[in-house]
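The values are calculated or read from the model by the stated rules, or taken from the named source; none is laboratory data. Please read these numbers as outputs of a predicted model, since none were measured by experiment. Using ideal geometry, Cβ is built from the backbone for each residue, glycine included, and neighbour counts are taken over all protein chains shown. The accessibility values were calculated without ligands, DNA or RNA, using every heavy atom of the protein model including side chains. Shrake-Rupley method; radii C 1.70, N 1.55, O 1.52, S 1.80 Å.
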Amino acid sequence: MVEWKGIVGTAYTADEFDSYAHALRWSGWRPAFIVVHNTAVPTLAQRPNGFTKQHILNLEGFYRDQQHWKAGPHLFIDDRQIWVFTPLTMSGVHSPSYNKTALGFEMLGDYDRDEFNSGRGLRVQRNAVAAVATMSAVLGLDPDTMKVHKEDPLTTHACPGRTVVKNKFIEKVKELLAERHGGEHLDPVSS
Ligand SMILES: [Zn+2]
């Protein structure tokens, strides 16, 4: 039996997640970049109100008891909230080549078919951009190092769907980082 690492199982708004992540202590494993995924199943329509706590517990059962993995992805991000799944300070299981070095963030939706740039998909995207910006700031990561799952040569499926355009996503992460921290750089007098 592999030992299951456990889950955090708490949902945060993007702002709450930023505070949560800044308070984490990195005493052991430290991720070097972020890998973005989409769930494909469930689709947005299959989770009309995003993930509930029960959905998250069901996912824990799936990874632990059916897959027999020792962990899962780090975040499940929907249009309402950011669920912390595998603790961000431990390595997860989400992308064969990248598990040991990267955080894995799952976005709710199938972005071959679900709309990513309007409606609920856009709200998922905004939360995901916020989560990537937060973890880039916390870990001192260059947003350009971010990957999408389908870049993993060992993966078997095209994840996330084709409407998730990596370079556009990274641009939005950079814009948000500039917006959050712009004031500090515009005022050289402040200490
Ligand atoms: Zn994936």
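For Gly109, list long-range residues whose amide hydrogen, built 1.01 Å from N in the peptide plane, is under 5 Å from its own amide hydrogen.
Thr39, Ala40, Leu44
Please list the equivalent ellipsoid semi-axes of segment 20-88, computed as the square roots of five times the alpha-carbon gyration tensor eigenvalues, in descending order and whole angstrom.
After scaling each eigenvalue by five and taking roots: 22, 16, 12 Å.
Starting from the Cα coordinates of the chain, work out the convex hull volume and express it per residue in Å³.
Values: hull volume 23.2 nm³, N = 191.
Looking at the chain, the number lands at 121 Å³ per residue.
Only Cα pairs within less than 10 Å get springs; with that Gaussian network setup on the chain, which residue of Asp144, Asp78, Asp65 has the largest fluctuation?
Looking only at Asp144, Asp78, Asp65, the largest GNM fluctuation is found for Asp65.
For a 22 Å ceiling on Cα separation, which of these pairs sit above it: Lys100/Lys147; Lys147/Lys172; Lys147/Lys168?
On the way: Lys100/Lys147 14 Å; Lys147/Lys172 14 Å; Lys147/Lys168 12 Å.
Result: no pair exceeds 22 Å.
Hey, if we sort Leu141, Leu154 by accessible area with the 1.4 Å probe, largest down, what's the order? Kindly include the intermediate steps, with their values, before the conclusion.
Working: Leu141 25, Leu154 115 Å².
Largest accessible area first, the list is Leu154, Leu141.
Could you tell me the accessible area of His149 in Å² (1.4 Å probe, neighbours in place), rounded to the nearest ten?
10 Å²
Accessible area per residue of segment 79-128 at 1.4 Å probe, in Å²?
For segment 79-128, the solvent-accessible area averages 37 Å² per residue.
Could you order Glu16, Glu106, Glu175 by accessible surface area, starting with the largest, using a probe radius of 1.4 Å?
Numbers: Glu16 95, Glu106 25, Glu175 115 Å².
Result of the area sort, largest leading: Glu175, Glu16, Glu106.
Leaving out ligands, DNA and RNA, and with a 1.4 Å probe, what % of the accessible surface on the chain is carbon or sulfur?
On the way: 5020 of 9630 Å².
C and S fraction of accessible area: 52 percent.
Select from Leu108, Leu57, Leu44 the residue whose mean-square fluctuation is largest in a Gaussian network model of the chain (Cα-Cα springs shorter than 10 Å).
The residue that fluctuates most here is Leu57.
What does the charge add up to near Leu154, with Lys and Arg as +1, Asp and Glu as -1, over the other residues with Cβ less than 15 Å from its Cβ? Each step should come with its number before you reach the end.
Working: positive: Lys100, Lys147, Lys150; negative: Glu151, Asp152.
Charge balance near Leu154 sits at +1.
For Val84, what is the net charge nearby, where nearby means another residue's Cβ is under 14 Å from its Cβ and Lys, Arg count +1, Asp, Glu -1?
Details: positive: Lys5, Lys53; negative: Glu16, Asp18, Glu60, Asp78, Glu106.
Taking every other residue near Val84 into account, the sum is -3.
Students sometimes get this wrong: rank Arg123, Arg80, Arg64 by accessible area, probe 1.4 Å, all chains present, largest first.
Numbers: Arg123 115, Arg80 140, Arg64 85 Å².
The most accessible residue leads, giving Arg80, Arg123, Arg64.
Tally Lys/Arg at +1 and Asp/Glu at -1 over every other residue whose Cβ is under 9 Å from the Cβ of Ala137; what's the total?
Values: positive: Arg180; negative: Asp18.
Around Ala137, the surrounding residues sum to 0.
With every protein chain present, what accessible area does Trp4 have (1.4 Å probe, heavy atoms only), rounded to the nearest 10 Å²?
Estimated to the nearest 10 Å², Trp4 gives 40 Å².
Pick out which of Val93, Val36, Val165 has the largest mean-square fluctuation in a Gaussian network model of the chain, springs linking Cα atoms closer than 10 Å.
Looking only at Val93, Val36, Val165, the largest GNM fluctuation is found for Val165.
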